[in-house]
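These notes concern the structure reproduced below.
Each reported figure results from applying straightforward, stated rules to the coordinates on display, with no laboratory input. These numbers were taken from a predicted model, which means no experiment stands behind them. Here Cβ is always computed from backbone atoms with ideal geometry, including for glycine, and neighbour counts include all displayed protein chains.
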Amino acid sequence: DTGVSQDPRHKITKRGQNVTFRCDPISEHNRLYWYRQTLGQGPEFLTYFQNEAQLEKSRLLSDRFSAERPKGSFSTLEIQRTEQGDSAMYLCASSSHGGFEQFFGPGTRLTVL
Amino acid sequence: ILNVEQSPQSLHVQEGDSTNFTCSFPSSNFYALHWYRWETAKSPEALFVMTLNGDEKKKGRISATLNTKEGYSYLYIKGSQPEDSATYLCALLFMSGGGADGLTFGKGTHLIIQP
């Protein structure tokens, strides 16, 4: 079973460093989503791709954040100049065209010291 | 801003007892309501996707209902087992941008089943 996978599962970094996370969606899914969950909150939507096109970005996605999906398959989320407030669980999900259900990966837990 | 509210925030239930919790939302302008179960160190697992007023879904001991007119959904667990311990998330796909936008989540109900 090839569900959604994310790498790494955990990342500890120092404030000011850049980090990059990867998400591999379910292979036939053309939609890919990034969410962020901070302590005590539900996941919050960050951005969405249909194939390689980034179609929507939340106001939560500051200009230090950039996401790509270059060939419409895997996606990367980069955070530049990390801040302690970026510490969170970063979740990726994918869905098929026309389908409502989103399938989630296990997340990458980021800790910024 | 469209908020999704879940209550209670946490719940301790004795093994074998039944329980339920609530998801409430302000608008009927959504495509679908989702329930997810999220166990520690695992991926959130989809339980139900509900779209119609009056929808009732069931999977084993877990069931859910949806009332779009009054703006709530209930999740029921019958005969709780320790493996039911998890955070249960409710999420809505609101009609704000063609149906492909991200989900709006509640904060979840953290359920602990005590043996």
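Things to note:
- Rh (Kirkwood; distinct C-alpha pairs) - segment B:9-115, Å: 14.2 Å
- Relative contact order of segment A:16-113: 33 percent, from C-alpha pairs under 8 Å at least 6 residues apart in sequence.
- Built amide H within the under 5 Å cut-off of A:Thr47, gap 5+: A:Trp34, A:Ser58
- With at most 16 other Cβ atoms within 10 Å, longest stretch of chain B clear of loop trypsin sites (Lys or Arg not before Pro) (DSSP): B:1-41
- Cross-link partners for B:Lys57 among the aspartates and glutamates, with Cα-Cα distance under 17 Å and sequence neighbours closer than 8 places in the same chain left out: A:Glu101, B:Glu45.
- Unit charges at the beta carbon, dipole of segment B:52-115: most positive-side option, B:Gly71, B:Thr104, B:Pro115: B:Pro115
- Alpha carbon centroid spacing (whole Å) that separates segment B:1-46 from segment B:49-100: 7 Å
- Unit charges on C-beta of K, R, D, E only; dipole of chain A, Debye: 440 debye
- Pairs of Cα atoms farther than 17 Å apart, chain A, %: 50 percent
- Sparse-neighbourhood loop sites, GluC sites (Glu not before Pro) in segment B:28-110 - DSSP loop, at most 14 other Cβ within 10 angstrom: B:Glu39, B:Glu70
- Each Cα pair under 8 Å and six or more residues apart adds its separation to the average, and for chain B the resulting relative contact order is 37 percent.
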